[in-house]
Amino acid sequence: DTGVSQNPRHKITKRGQNVTFRCDPISEHNRLYWYRQTLGQGPEFLTYFQNEAQLEKSRLLSDRFSAERPKGSFSTLEIQRTEQGDSAMYLCASSPRTSPESSYNEQFFGPGTRLTVL
Amino acid sequence: DAKTTQPPSMDCAEGRAANLPCNHSTISGNEYVYWYRQIHSQGPQYIIHGLKNNETNEMASLIITEDRKSSTLILPHATLRDTAVYYCIASSYNTDKLIFGTGTRLQVFP
């Protein structure tokens, strides 16, 4: 399967614990995005990378959240000291978009990691 | 990015055309209209996008009004597998993030 993969698919944790999610984008896609989705809502943008550089972070991304993309390949999203409000689906997407002038902004989404904080 | 407004839900009989409307009355000249859909328990999937001309691909057609204040996504022959939440997004060419609303939940029935 050459699509975007995310691991784990499900994570249950206790409040206060740290969790880390991994996203493997489609090979050679230089852009990688993280979104969060709560029940009944559309996905909300969190952050994105172009290669290894983190170019934008949403205000939703508090200090407890950190994302990395070492070497411009896979990415990790870590949440420290989890809270019940962090319970959500965390979606990763990648894109081959090469320039801002391109209108082609098709993002390929992974299946998501569902986080439940007890 | 311009705000979009969609009906919360719609029904469509299998085999019939599904016409999903979207209002984007504040859209600016450099903003494209994108459509994505999300089937239950999956990530969103790109369908189509356009600026001012109508567009068609293997999945759907996109009709944009001349004033660009609204658009319609057309699934010409809906199947049960088209049951999903459909999101209309207005996004400028120099913006990378997608701003999703709450979308339209399309239910295709036999």
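The values are calculated or read from the model by the stated rules, or taken from the named source; none is laboratory data. Keep in mind that what you see is a predicted model, and the values were worked out from it rather than measured. Reconstructed Cβ throughout: ideal geometry from the backbone, glycine too, with neighbour counts over all protein chains shown.
Looking across region B:38-59, the residues that are within 14 Å of another protein chain (Cβ to nearest Cβ), of a type outside the set (D, E, K, R), more than 25 Å from residue A:6 (Cα to Cα) and touching a strand residue (DSSP E or B) at 6+ places or on another chain (Cβ under 6 Å) come down to B:49, B:50, B:51, B:57, B:59. For region B:64-84, a tally of residues being under 11 Å from the mean Cα position of the chain (by Cα) and within 13 Å of residue B:18 (Cα to Cα) returns 4.
Restricting to region B:18-33, name every residue that is farther than 18 Å from residue B:76 by Cα and not charged (D, E, K, R). Don't jump to the end; show me each part of the working.
Here is the first cut: in region B:18-33, the residues farther than 18 Å from residue B:76 by Cα are B:23-33.
Once the filter is applied, which keeps residues that are farther than 18 Å from residue B:76 by Cα and not charged (D, E, K, R), region B:18-33 yields B:23, B:24, B:25, B:26, B:27, B:28, B:29, B:30, B:32, B:33.
May I ask you to list pairs of residues, at least six apart or on different chains, whose Cβ atoms are under 6 Å apart, with the first in region B:64-89 being within 14 Å of chain A (Cβ to nearest Cβ) and part of a strand (DSSP E or B) and the second being of a type in the set (Lys, Arg) and buried (at least 19 other Cβ atoms within 10 Å of the Cβ)? Once the first residue is within 14 Å of chain A (Cβ to nearest Cβ) and part of a strand (DSSP E or B) and sits in region B:64-89, its partners that are of a type in the set (Lys, Arg) and buried (at least 19 other Cβ atoms within 10 Å of the Cβ) give B:84/B:37; B:86/B:37.
Is it the case that region B:52-61 has a residue that's touching a Ser or Thr at 6+ places or on another chain (Cβ under 8 Å) and of a type in the set (A, V, I, L, M, F, W, C)? Please lay out each step first, then the result.
Looking only at region B:52-61, we keep the residues that are touching a Ser or Thr at 6+ places or on another chain (Cβ under 8 Å), and these are B:54-55.
Keeping just the survivors that are of a type in the set (A, V, I, L, M, F, W, C) gives none.
No, there is no match, as no residue in region B:52-61 is touching a Ser or Thr at 6+ places or on another chain (Cβ under 8 Å) and of a type in the set (A, V, I, L, M, F, W, C).
A count restricted to region A:71-118 and to residues that are out of contact with any His (no Cβ under 8 Å at 6 or more places or on another chain), hydroxyl-bearing (Ser, Thr, Tyr), at pLDDT 95 or above and surrounded by fewer than 16 Cβ atoms within 10 Å (Cβ to Cβ) stands at 1.
Residues in region B:95-110 that are outside any strand (DSSP E or B) and either over 20 Å from residue A:43 (Cα atoms) or more than 10 Å from chain A (Cβ to nearest Cβ) (or both): B:110 alone. Taken over region B:1-54, the criterion of being crowded, with 19+ Cβ neighbours inside 10 Å and acidic (Asp, Glu) is satisfied by B:31 alone.
Looking only at residues of region A:1-50 that are among the charged types (D, E, K, R) and away from chain B (no Cβ under 13 Å), we find that the one that is surrounded by the fewest Cβ atoms within 10 Å (Cβ to Cβ) is A:1.
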